[in-house]
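Visitor: Sharing a structure with you now.
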Amino acid sequence: MFHDAGACSSSLVRSAFVLGLAASGFIACAGRAPIEAAASAQSSGAAGARQRPRAPDGVVLDPLPLSPPPVARGSARGVLALREPTGEDAVVELLQSFLEGWQHESLDALMALVAPDAGLLEGADHGHAALVDSWRQRLRAHDYGRLDGADLVRPERIERWEWDELGMSQTPARPASMRPGDVFVRAPLEVTRVGGERVFGDVVVMILKRQNGHLRIAAYGENDAR
């Protein structure tokens, strides 16, 4: 009778142990299932995101603001469009090339530096033909070749003004033929005579205009020093 009770007790223990293992396996499976399901869903979402092409971000284009006409300088109020000033080197280079044309007695070299509609600043006839005839006659009448090699102008004495800088109390009057964007130049000459004969005025004056990225003579004149 005692032997049967021990066997029964052992059987009960084994049964409890088996049930415990089964319960543990069930709990482990139950806990692993949500984790695997979440990982699977996350993987599926990432794959779907890779498969869908990303749409480009929208770009909002503002209309270009209206700009005022460019000027050389202005007050510190409102919106200003400042024009790039004409380089001093460009003015000096043109003047030196122009005077070398006289020294080489080359009408072609002179005409290469003028605009197609260039004329005289003073005189009854301001047209282009009058300018060409005036220079041709002077080249025939005077020996400009004797000036070859002479320094006719000093760069530091050359004066220049933009259109909107003229007509003030401390600047020359604005020539009637000058237009916005033009440059007025005044250059005193160092040599004006050849062998006692006057071949230039004391001061060369020009209106220069920008043409195809270069400065060209739009109007020409000579004045006596005052």
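The values are calculated or read from the model by the stated rules, or taken from the named source; none is laboratory data. Because the structure is predicted, anything quoted here is derived from the model rather than measured. Cβ coordinates were reconstructed from backbone atoms using ideal geometry, including for glycine residues, and neighbour counts include every protein chain displayed.
Visitor: So, of the residues in region 163-180 that are surrounded by 13 or more Cβ atoms within 10 Å (Cβ to Cβ) and in contact (Cβ under 8 Å) with a residue 24 or more places away in the chain, which turns out to be nearest to Glu222 (Cα to Cα)?
Guide: Top of the filtered list is Pro175.
Visitor: Shifting gears a bit: Look at region 86-110 and say how many of its residues are closer than 24 Å to Trp163 by Cα and either at pLDDT below 95 or surrounded by fewer than 18 Cβ atoms within 10 Å (Cβ to Cβ) (or both).
Guide: Number of matching residues: 8.
Visitor: Here's a follow-up. When you look at Leu121, is it modelled with pLDDT under 95, surrounded by 15 or more Cβ atoms within 10 Å (Cβ to Cβ), of a type in the set (A, V, I, L, M, F, W, C) and under 22 Å from Ala176 (Cβ atoms), yes or no?
Guide: When the stated conditions are applied, Leu121 passes them.
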